[in-house]
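Read the structure below first, then the notes.
The values are calculated or read from the model by the stated rules, or taken from the named source; none is laboratory data. Keep in mind the model is a prediction, meaning the values are calculated, not measured. As a convention, Cβ positions derive from the backbone with ideal geometry for all residues, glycine included, and neighbour counts pool all protein chains shown. Just the protein is used for accessible areas: all its heavy atoms, side chains included, with ligands, DNA and RNA removed. Shrake-Rupley method; radii C 1.70, N 1.55, O 1.52, S 1.80 Å.
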Amino acid sequence: MNLVMIRPSQNMQNVLQRIRPSCDTSSTAWDGRDVFSYLVDHRDQFWLVTGETPETFHVMVQTVLPRLSSVQTCRNGILSPRNKLLLTLIWLRQYPTYSVLSILFDVSPEVICRNLEQTWVALWHHFHDSIQWPNAQEWTQRFGYWPEMPNIVGVIDGTSHEILIPQDEQQLYYSGHRQYHCFHTQHQYDSALFWADKIVSLSNGYVDDVYWYAQTLYLTGQYHRASKLIQSRKLDKFECKEFQEALNVLDMIENNNPRILSQSFNESICDLVNKEVEYSINLLRGKIYEAMDNRNLAVECYREALKQDVYCFEAFDLLVNHHMLSSQEERELLSSLPFSSQCPAEEIEFVKFLYENRLKKYDRPKDLKVPDSLVVLKDNCDVVVNLAERHYYNCDFRECYKITSKVLTKDPYNSQCLPIHIAVLVELKKSKELFYLAHKLVDLYPNKPVSWFAVGCYYLLIEKSEPARRYLSKATTMERVYGPAWLAFGHSFAIHNEHDQAMAAYFTASQLMKGCHLPLLYIGLEYGMTCNKLAQKFFSQALMIAPEDPFVLHEMGVIAFQNHKWYEAEKYFNEALGKLADVSQQVMVEKWEPLLNNLGHTYRKLKQFERSLEYHRQAQVLSPQNPSTYSAIGYTYVLMGNNLMAVDYFHKALGIRRDDTFSTTMLSIVTEALVSEMDPYEGAPDELPGFGTPGKLEFSQSSSQEQSDKEGGLDDSSVAADQSSMAIEEVDMDLENSD
């Protein structure tokens, strides 16, 4: 820590010159003051400053008297043993400076120091036998004291409270992050509330006591009482949801604070205090604007808070988790933060890595790379959860489930891991596990939106849409910007083709998640069933936000295919496949089977039948029980003139789905063609009587071109219940004007 000497101003130097002659301790006569005789008649004040009654204090004096002796000098005054002990208790209880004690007891600071050194040692020698730590066996017996944490034997709370700067060993009390000297206390709010009320009465409304009373009311959730007690506090207005009033209070503080500070401190101290206050005000202002749906101003406030203090993770987390910025804007914000000026050199890489690890992962998801200097963080829960999220966006659901399960074993209710774990349980259709988790969350955290999101996802998974909508709506009511619940709420309508209600939910999500492309993508899917032009508009907007997301590229290819733009469709499908090749080191997952089938349809339209068969066979490997793939292969063989192979694949498709209209129709046509091609009996003449039956399968305007391919769609949006699953539907095998 670098210390900079600040030269006092000329006015301050004049003041010091005037008061220094009267402060010469060498010429001051210290007579000593019997403070005990004064305080003993004021029992309330005596207890307030010492924590003892006069009776218990007298017993303490008699106990430690053998170890106490008066300190007398020719010019520094005398203190009796009881005043020495009183001085020490006041110092331990109130922690005043030596100068304040010197004025109070009318002795020099040097005498104060010597008396404290002598008296607290006497107290320790007498009372140290009364202070005992449990032995190893007693510690072991305390296991299971908290049922929720059976291996915990004690708890030390780490809440910081500012204190005066210690003279020695400052590093023991200095918080480098908070940048002030502090000590830590425990949170026993009910006890604190009881005694705080009594202290305010005993001190006749002393300002510090009123502040701590209001702080205790705030921590116990009694915001209106705290507001009534201290009208000028800014926090009460926000928690009471009086947002405009909260903004007015912040404006008043911001306008008055610099002027008030400048009257009390020199310029350097004023700047330091303002800097500490400004980022907190901007953070709170951003929360208020976000609650008022003014998200643009909220983003600006969060940006300012981060630039004023790069350690303000809450502002960064709100920007990322509430999807206020696109992935590109997030990277630009991160590059603009003043890490080098606000962080020590050894912390720059550490802080940047943690922030980079929280950025959006659906756009170009890659494997997690922990710097060599930070390899110790590889097993940190937040880092591991981010790795699971990357696997989720890569559609590697089994690996994601493996990681999230391991995290929840160590930390059962990790708030960052729970939404991902719930989403992957839906993808893997683990309804029993999701049912158990949802009930545990509702029991333990009934006021958290993730609890009701889990319940809604469970009902969505077991195809009970009505209760799913009810619980998902409750989650969005608890936290209006909870994106996963809004998307799942839309899915609950989409699976029943209730397009208007689904799009209403998706549109709300798009307003709340301006930096996320998924709501736009789902809106495009709904419009794709009725209007390709509107669907293409929303897909294009999604592509601008996430230009390298393979889901968006695939849907753009579907729209191009439906518009008979075969080469454009081929381009989008191949780009999507290329993105998957960049992130998938192993075999592709079943989720991408429709992409391979759609590439096969596209190459069939381009008359590249061999390549079409290649992609259909790859899709068959990913999903062997999909009848659409067998129908597509059979149809391609028909176009290649291999009717015998076509019959085989149409039979396989009908074996999986008997009511497959397209396969039934094509099988009938191909069978007739095969019958006409085969000799009616062995040794039949080459020339047969003409019956008007074509010798091979032919397509005419009146027959097969009027047949349409079945819609072999895999509509994943109807079963998705999270913010990242993307629907992939197969394009129609349209025969018109083409094959």
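Any chance you could count how many residues in region 384-406 are open to solvent by 10 Å² or more (accessible area, probe 1.4 Å) and in contact with a helix residue (DSSP H, G or I) (Cβ under 8 Å, 6 or more places away or on another chain)?
12
Among the residues in region 557-569, are any open to solvent by 20 Å² or more (accessible area, probe 1.4 Å), closer than 29 Å to D293 by Cβ and assigned to a helix (DSSP H, G or I)?
no
If L374 passes every condition in (1) without any contact (Cβ under 8 Å) to a residue 40 or more places away in the chain; (2) under 20 Å from W452 (Cα atoms) but one, which one does it miss?
(2) is the only condition that L374 fails.
Looking only at region 604-624, which residues are open to solvent by less than 10 Å² (accessible area, probe 1.4 Å), within 12 Å of T636 (Cα to Cα) and within 41 Å of the chain's Cα centre (by Cα)?
Residue satisfying the conditions is H616 alone.
Filter the helices (runs of 4 or more DSSP H) completely within region 617-732 down to those with at least 1 residues that are modelled with pLDDT under 85 and touching a helix residue (DSSP H, G or I) at 6+ places or on another chain (Cβ under 8 Å).
Those helices (runs of 4 or more DSSP H) span 661-677.
Every residue in region 30-72 that is among the hydrophobic types (A, V, I, L, M, F, W, C), more than 17 Å from W124 (Cα to Cα) and either loosely packed, with under 13 Cβ neighbours inside 10 Å or modelled with pLDDT under 80 (or both), please.
Within region 30-72, W30, V71 meet the criteria.
Can you tell me which of (1) at pLDDT below 75; (2) open to solvent by 50 Å² or more (accessible area, probe 1.4 Å); (3) among the small types (G, A, S) is the one A246 doesn't meet?
(2)
Name the single residue that is surrounded by the most Cβ atoms within 10 Å (Cβ to Cβ) among those in region 270-293 being hydrophobic (A, V, I, L, M, F, W, C) and at pLDDT below 75.
My answer is C270.
Would you confirm, using the coordinates I've provided, whether M544 is open to solvent by 20 Å² or more (accessible area, probe 1.4 Å), within 25 Å of the chain's Cα centre (by Cα) and at pLDDT 85 or above?
yes
Considering each of N414, N447 in turn, give the residue that is part of a loop (DSSP other than H, G, I, E, B), closer than 17 Å to A388 by Cα and in contact (Cβ under 8 Å) with a residue 12 or more places away in the chain.
N414
Against the definition (farther than 28 Å from G578 by Cα, assigned to a loop (DSSP other than H, G, I, E, B) and without any contact (Cβ under 8 Å) to a residue 60 or more places away in the chain), how does V310 come out, yes or no?
Yes; evaluated as a whole, the condition is true for this residue.
Quick one: in region 425-434, which of the residues that are free of Cβ contacts under 8 Å to residues at least 60 places away in the same chain and open to solvent by less than 30 Å² (accessible area, probe 1.4 Å) is farthest from the chain's Cα centre (by Cα)?
Ranking the candidates gives L434 first.
Please go through region 450-486 and give me each residue that is free of Cβ contacts under 8 Å to residues at least 24 places away in the same chain, more than 17 Å from L434 (Cβ to Cβ) and surrounded by 24 or more Cβ atoms within 10 Å (Cβ to Cβ), ordered by number.
Hits for region 450-486: nothing passes.
One residue is enough: does region 359-368 have a residue meeting the conditions part of a helix (DSSP H, G or I) and of a type in the set (A, V, I, L, M, F, W, C)?
No, the conditions are met nowhere in region 359-368.
Which members of region 479-500 meet the condition of being in contact with a Ser or Thr (Cβ under 9 Å, 6 or more places away or on another chain) and outside any loop (DSSP other than H, G, I, E, B)?
Result: P484, A485, W486, L487, F489, G490, H491, S492, F493, A494, H499.
Quickly run through region 395-411 and pick out the residues that are charged (D, E, K, R) and either within 26 Å of H322 (Cβ to Cβ) or touching a residue at least 40 places away in the same chain (Cβ under 8 Å) (or both).
Result: D396, D411.
Is it fair to say W120 is open to solvent by 90 Å² or more (accessible area, probe 1.4 Å), closer than 20 Å to P81 by Cα and either at pLDDT below 80 or in contact with a Lys or Arg (Cβ under 9 Å, 6 or more places away or on another chain) (or both)?
yes
From (1) closer than 19 Å to G557 by Cβ; (2) touching a Phe, Trp or Tyr at 6+ places or on another chain (Cβ under 6 Å); (3) crowded, with 22+ Cβ neighbours inside 10 Å, pick out the condition that doesn't hold for H601.
Result: H601 fails condition (2) only.
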